[in-house]
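Just below is one structure, and these are the notes that go with it.
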Amino acid sequence: LHSDIPVLNDVVLKDLLSRSWNSIESMKPGTRLDIGPRVRVPLTSENEHIVTYFGPGKSSTFRYYSYWDILEDRVHGDMEGRVFIVGSSSSAMFDLMSTPVGRSYPGVEVHASLINSFINNTFVSRLSIVQDIAIVAAVGTLAGLLAFLFTPLLGGAISIMMLFAYFLFVMWRFDEAGQWLEMVRPALATILSFAGVMGYRYMTEEKSKLFLQKTFRQYLSPELIDIMYKNKQMPTLGGNEGVMTAYFTDIQGFSTFSEKLGSPTRLVELLNEYLTEMTDSLMAHLGTLDKYEGDAIIAFFGAPLSMPDHAEKACLTALDMQAKLARLRVKWASEGDKWPTIVHNMRMRIGINTGAIVTGNMGSKMRMNYTMMGDAVNLAARLESAAKQYGVYVMTSRETLELTNNRFAARKLDRITVVGKSEPVEVYEVMGENGKVDEPTAKLIELYNKGIEHYYSCKWNDAIAILEQAEELEPNREFSSGGISPSRLFIDRAKAYKTNPPPENWDGVFRLTEK
């Protein structure tokens with residue numbers, strides 16, 4: 001078939017009709033008149049053209065007509081003014097090929113796609129090599145940055161979402177603008193960059209974290225180790241001095257437990273359960289475990305990670321430990337005859353003091369222990385022991401209480417000098433958090449403080465009268481040694497001073513003679 005009719009698209013026809021016939025007749029011989037926009041067929045660096053496929057085959061993109069229908073004149077003018085190609089789409093004619101849009105694509109439709117591109121100036125465009133490299137570098141850098149800033153799991157998830165978003169962008173650009181963007185190499189760059197940074201982190205930063213965990217996992221909670229790691233705060237293992245809070249606990253009358261239990265195995269079972277609960281409380285409040293000495297727990301707050309609220313955390317830990325021990329007592333009592341009555345009534349004393357403390361690895365070359373030293377440490381141990389003489393279970397120094405921002409409901413117990421010290425220290429009992437103590441405890445604190453005020457003013461009768469009211473509200477009288485309580489202690493002292501008044505220069509300091 002042959003047609004003498006030139007093929008012109010709408011744009012060319014409009015441009016042709018807009019020109020006057022005189023301009024055409026006035027053309028000089030050998031000259032040229034271009035009509036419509038210029039079509040530039042893009043070629044690769046190897047002078048090859050990338051086919052813009054408008055298929056796939058046998059779709060509505062290009063209409064197919066049977067050759068026999070044309071011969072029999074059944075088409076009835078549908079092909080007038082159109083470009084048509086004679087070819088075959090039958091597999092028997094061996095003109096099927098594999099293309100990016102189909103495994104069995106009619107070769108004749110490749111020609112149709114090319115002609116359609118030339119007429120409509122529609123081509124697939126590629127970026128330059130420099131632009132491709134820039135995309136690969138940008139995507140790889142972003143993936144590496146994500147791997148560096150986030151945890152492996154979160155960074156990996158974000159990288160996958162980034163790749164998916166890039167894939168959607170590539171599809172959108174191809175569909176809207178016919179622009180062919182790289183997909184495989186940016187994906188490989190993302191994977192390799194992420195894996196490379198993760199490998200680097202494992203060999204460097206993760207190594208530091210493993211060092212912290214290996215060194216301090218016996219002393220610190222995992223949360224505290226994570227905070228140290230995130231803050232890039234490596235501890236000074238050789239020794240570090242600062243204001244910290246020392247913390248001592250001891251079970252009341254524990255020396256009689258082994259006798260009552262009758263078996264070392266049962267004693268170990270009881271201690272393990274008790275120490276597990278108490279240590280969990282310590283770790284939850286970011287305390288550092290120094291050591292166990294039998295039933296005693298020795299700990300400190302404020303190292304190896306410096307924290308401004310170490311005194312608060314120590315007092316919170318004391319209250320939490322006492323609450324946990326109360327729940328343990330209920331549990332042990334509910335287990336029937338498994339434990340003797342002494343276990344059902346177990347009580348624990350706690351001594352807390354804040355001051356200058358040195359922490360670090362101390363010991364011999366053969367064996368070292370991360371521990372604390374200093375006068376403030378010794379005083380904390382003395383306060384734990386002194387709590388027995390007052391019938392209380394949480395005794396803290398004024399230095400500790402002053403750093404708690406008035407968070408706790410506490411009462412002043414005394415001004416004392418402990419064994420081995422000449423400097424007096426004010427000691428207090430922490431009874432709960434302000435606003436959270438029950439009504440009897442609040443009333444006890446009010447009465448006790450009034451009675452103590454009269455006591456230090458040497459108003460013995462007034463002090464005795466008020467403290468006797470306070471004694472009725474003392475919570476630990478039946479469990480303390482000899483039924484002693486702070487109220488009873490000062491009643492006895494007031495009665496003694498009433499008979500034998502103190503000297504005129506009396507400073508109110510009580511000197512302990514026992515550790």
Practice problem: Please give the FRET efficiency for THR441 paired with TYR202, using the beta carbon to beta carbon distance and R0 = 56 Å, rounded to the nearest 0.05. | Solution: 0.60
Quiz item: Given a 1.4 Å probe, how much area per residue of region 453-515 is accessible, in Å²?
Solution: 60
Self-check item: Solvent accessible area, Å² - HIS111, 1.4 Å probe, full protein context
Solution: 110
Self-check item: Square roots of five times the Cα gyration tensor eigenvalues for the chain, Å
Solution: 94, 25, 23
Quiz item: Which of the listed residues, ALA386, ALA326, GLY107, is farthest toward the dipole's positive end in the chain, when Lys, Arg count +1 and Asp, Glu count -1 at the beta-carbon?
Solution: ALA386
Practice problem: Report the relative contact order of the chain, percent, no decimals, based on alpha-carbon pairs under 8 angstrom and at least 6 residues apart. | Solution: 9
Exercise. Please give the calculated 222 nm ellipticity per residue for the chain, where each DSSP H segment of at least 4 residues contributes -39500 (n - 2.57) and the sum is spread over every residue; nearest 500 deg cm²/dmol?
Key: -15000 deg cm²/dmol
Quiz item: Dipole of the chain (Lys/Arg Cβ +1, Asp/Glu Cβ -1, origin at the Cα centre): which of VAL430, MET395, HIS49 lies farthest to the positive side?
Solution: MET395
Quiz item: When the Karplus curve 6.51 cos²θ - 1.76 cosθ + 1.60 is applied with θ = phi - 60°, which whole-Hz ³J(HN,Hα) does each residue of region 120-127 get, with x for Gly and Pro?
Solution: 9, 6, 10, 9, 6, 10, 10, 6
Quiz item: Using 13 Å as the cut-off for backbone N distance, which residues of region 107-134 belong to the label zone defined by a point 7 Å from the Cα of PHE174 along Cα→Cβ?
Solution: 124-126
Quiz item: Under a no-solvent Debye model with one identical scatterer per Cα of region 250-328, what's log10 I(q)/I(0) at q = 0.15, 0.22, 0.26 Å⁻¹?
Solution: -0.57, -1.03, -1.28
Quiz item: For SER23 and PHE164, what does the FRET efficiency come to when R0 = 45 Å and r is the distance between their Cβ atoms, rounded to the nearest 0.05?
Solution: 0.20
Self-check item: For MET348, residues with placed amide H under 5 Å, excluding near neighbours
Solution: GLN252
Practice problem: Enter the accessible area of ILE50 (Å², nearest 10), with the probe set to 1.4 Å and all protein chains included. | Solution: 50
Quiz item: Quick one: Karplus J couplings for region 401-410, per residue in order, coefficients 6.51, -1.76, 1.60, θ = phi - 60°, nearest Hz, x for Gly and Pro?
Solution: 5, 5, 8, 9, 6, 6, 7, 10, 7, 9
Quiz item: Considering only protein heavy atoms, what per residue accessible area in square angstrom results for region 295-405 with a 1.4 angstrom probe?
Solution: 39
Exercise. Compute the FRET efficiency between LYS324 and LYS450 as 1/(1 + (r/R0)^6), taking r as their Cβ-Cβ distance and R0 = 25 Å, and round to the nearest 0.05.
Key: 0.15
Quiz prompt | Residues of region 33-182: accessible area per residue with a 1.4 Å probe, Å² | solution = 69
Self-check item: Relative contact order (percent, whole number), region 413-452, Cα cutoff 8 Å, 6+ residue spacing
Solution: 26
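By the gyration tensor of its Cα atoms, with a ≥ b ≥ c the square roots of the eigenvalues, what is the shape of region 291-367: rounded for a/c under 1.5, prolate for a/b over b/c, or oblate?
Oblate shape, in that a/c is at least 1.5 and b/c is the bigger or equal ratio.
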Quiz item: Dipole magnitude of region 277-339 about its Cα centre, charges +1 at Lys/Arg Cβ and -1 at Asp/Glu Cβ only, in debye to the nearest 20?
Solution: 160
Quiz item: Share of the chain's accessible area from carbon and sulfur, percent, 1.4 Å?
Solution: 56
Practice problem: Would you mind working out the magnitude of the charge dipole of the chain relative to its Cα centre, with +1 at each Lys and Arg C-beta and -1 at each Asp and Glu C-beta, to the nearest 20 Debye? | Solution: 960
Quiz item: With θ set to phi - 60° and the Karplus curve 6.51 cos²θ - 1.76 cosθ + 1.60, what are the ³J(HN,Hα) couplings of region 383-389 in order, to the nearest whole Hz, using x for Gly and Pro?
Solution: 5, 4, 5, 5, 4, 4, 6
Exercise. Any chance you could look up the accessible area of THR256 with a 1.4 Å probe, heavy atoms only, rounded to 10 Å²?
Key: 60
Practice problem: Any chance you could run the full-extension gain for HIS111 through VAL39? It's 0.36 nm times the residue separation minus the Cα-Cα distance, nm to one decimal. | Solution: 24.2 nm
Self-check item: Given the chain, longest segment not containing exposed loop GluC sites (Glu not before Pro) (DSSP; at most 16 other Cβ within 10 Å)
Solution: 81-334
Quiz item: Put a dot 7 Å past each Cα toward the Cβ at LYS260 and ALA134; how far apart are the dots in nm?
Solution: 8.1
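The values are calculated or read from the model by the stated rules, or taken from the named source; none is laboratory data. Predicted model only: the values in this text are computed from it and were never measured. Positions of Cβ are backbone-derived with ideal geometry, glycine not excepted, and every protein chain shown enters the neighbour counts. Ligands, DNA and RNA are excluded from the accessible area calculation, which covers all protein heavy atoms including side chains. Shrake-Rupley method; radii C 1.70, N 1.55, O 1.52, S 1.80 Å.
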